[in-house]
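Step one of this worksheet: look at the structure below.
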Amino acid sequence: MNYTRFARRHYLQGSTPIEHLPNLSKHLGGGVEIFVKRDDLLPGAAGGNKTRKLEFLVADALEKGADTLITCGAIQSNHCRLTASWAAKEGLDCHLILEERVEGTYQEDAGGNNFLYELLGVKSKTVVPGGSDLAFEMEEKARALMDHGKHPYIIPGGGSNSIGALGYAVCAEETMAQLNQMMLDISHIILPSGSAGTHAGMVAGMAGIHADIPVSGINVAREKLAQEEMVHELALESAEKLGVLSGILRESVVCYDGYVGEGYAIPTEGMVEAVKLFARLESILLDPVYSGKTAAGMIDLINTRCFDKGSKILFLHTGGSPALGVYMDSFR
Ligand SMILES: *Cc1c(COP(=O)(O)O)cnc(C)c1O
């Protein structure tokens, strides 16, 4: 597809690796081979999927003359960390609105991403209660900064709008080029489905290149239908932006909501098991909030024979391991 009409910064040189996971595949049995697309190794402080979205979002901000980025996320947000990271690299100020989804959980001196925000030099962190109107909070921040002569650019939560999702249409194309070169016939792609930009961009990208590989999302917060509709809407918007004439069929958006547990960022047994398996068998660090629950979902789908014998599954590893250190108790 043609991305040249979109403003873009090139943060990734080449492609992130696709690796076979022989030990995990053997351990699970069921005749399924597992492969992983290592988007956890994307550039930007500590890596992860938001870098692909920020290639387009930061470029849009720079094109519009911004000198400041404002974004929002949970208190341990990988998206906030990577926005702070690319802001630092580009010489932009960065301000964060952090949603304390569970009352009393924010700690000023917490480690993980919270520490990295500071290290990366964010100008401010504003902690707001769970359920706050984050778009409004970001607008308020922008107004205050404009009163001081700044030119802020607001990036939505997770970088998930049709600009950010372009990054994952790019990833679909990059992945397919690798698979063609490796002569690797993948039957299914599994990825986390959160603020939806990753899932939607991947679906739009795969449709645009007629790759015909089903993409399934493992939910990290919402219920199946709500998430599928959110992904479908953003995939349609992205497809239109990219000129994908075939559009996106509603049936091509599939989400599983059986692995969320009690809620967003709340550990589950399956997640703990999956994080340990990936670490001990393949030396790959997952995270407790996204990739760990997604891997738990994938493992369960394999164990319950949802994939035919001989299937090759590609797991999109979106990163997030900096949050592991704040969840140590769950693993001990
Ligand atoms: C944000 C994030 C996701 C989810 O991606 P969305 O585009 O928000 O759906 C998955 N994994 C990690 C590590 C993330 O930080």
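Mind checking which residues of region 182-222 are free of Cβ contacts under 8 Å to residues at least 24 places away in the same chain and among the charged types (D, E, K, R)?
D212
Given Y168, Y153, which one is assigned by TED's automatic domain parsing to the domain that holds A61 and under 22 Å from the mean Cα position of the chain (by Cα)?
Of Y168, Y153, the one residue that is assigned by TED's automatic domain parsing to the domain that holds A61 and under 22 Å from the mean Cα position of the chain (by Cα) is Y153.
Where in region 1-107 are the strands (runs of 3 or more DSSP E), entirely inside, with at least 2 residues that are aliphatic (A, V, I, L, M), under 22 Å from the mean Cα position of the chain (by Cα) and not assigned by TED's automatic domain parsing to the domain that holds I190?
The qualifying strands (runs of 3 or more DSSP E) are 68-74, 93-100.
Which residue pairs have Cβ atoms closer than 8 Å, lie 6 or more positions apart in sequence or on different chains, and pair a first residue in region 273-293 that is in the same structural domain as S195 (by TED's automatic domain parsing) and modelled with pLDDT of 95 or more with a second residue that is surrounded by 21 or more Cβ atoms within 10 Å (Cβ to Cβ) and acidic (D, E)?
Pairs found: V275/D287; I284/D40; L285/D40; S291/D40.
Could you say whether any residue in region 85-105 is away from the ligand (no atom under 12 Å from the Cβ), closer than 30 Å to M182 by Cα and either among the basic types (K, R) or crowded, with 20+ Cβ neighbours inside 10 Å (or both)?
no
Just to be sure before I move on: is F115 modelled with pLDDT of 95 or more and loosely packed, with under 15 Cβ neighbours inside 10 Å in the structure I sent?
In short, no.
Among what's in region 279-317 and is within 12 Å of the ligand (Cβ to nearest atom) and among the hydroxyl-bearing types (S, T, Y), pick the residue that is nearest to T16 (Cα to Cα).
S291
Can you tell me which residue within region 244-303, out of those that are of a type in the set (G, A, S) and in a loop (DSSP other than H, G, I, E, B), is nearest to the chain's Cα centre (by Cα)? Step through it out loud before you land on a result.
Here is the first cut: in region 244-303, the ones of a type in the set (G, A, S) are 246-247, 252, 258, 261, 263, 265, 270, 274, 279, 283, 291-292, 295-297.
Now restrict to residues that are in a loop (DSSP other than H, G, I, E, B): 246-247, 258, 261, 263, 265, 283.
Working: S246: 25, G247: 23, G258: 19, G261: 19, G263: 17, A265: 14, S283: 21 Å.
Checking each candidate, the answer is A265.
Would region 122-133 turn up any residue that is among the acidic types (D, E), touching a residue at least 40 places away in the same chain (Cβ under 8 Å) and either away from the ligand (no atom under 16 Å from the Cβ) or assigned to a helix (DSSP H, G or I) (or both)?
Checked against the condition, which is being among the acidic types (D, E), touching a residue at least 40 places away in the same chain (Cβ under 8 Å) and either away from the ligand (no atom under 16 Å from the Cβ) or assigned to a helix (DSSP H, G or I) (or both), region 122-133 yields no hits at all.
The values are calculated or read from the model by the stated rules, or taken from the named source; none is laboratory data. Being a predicted model, the structure only gives us computed values, none of them experimental. Don't worry about glycine lacking a Cβ; one is built from the backbone with ideal geometry, like all the others, and counts go over all protein chains shown.
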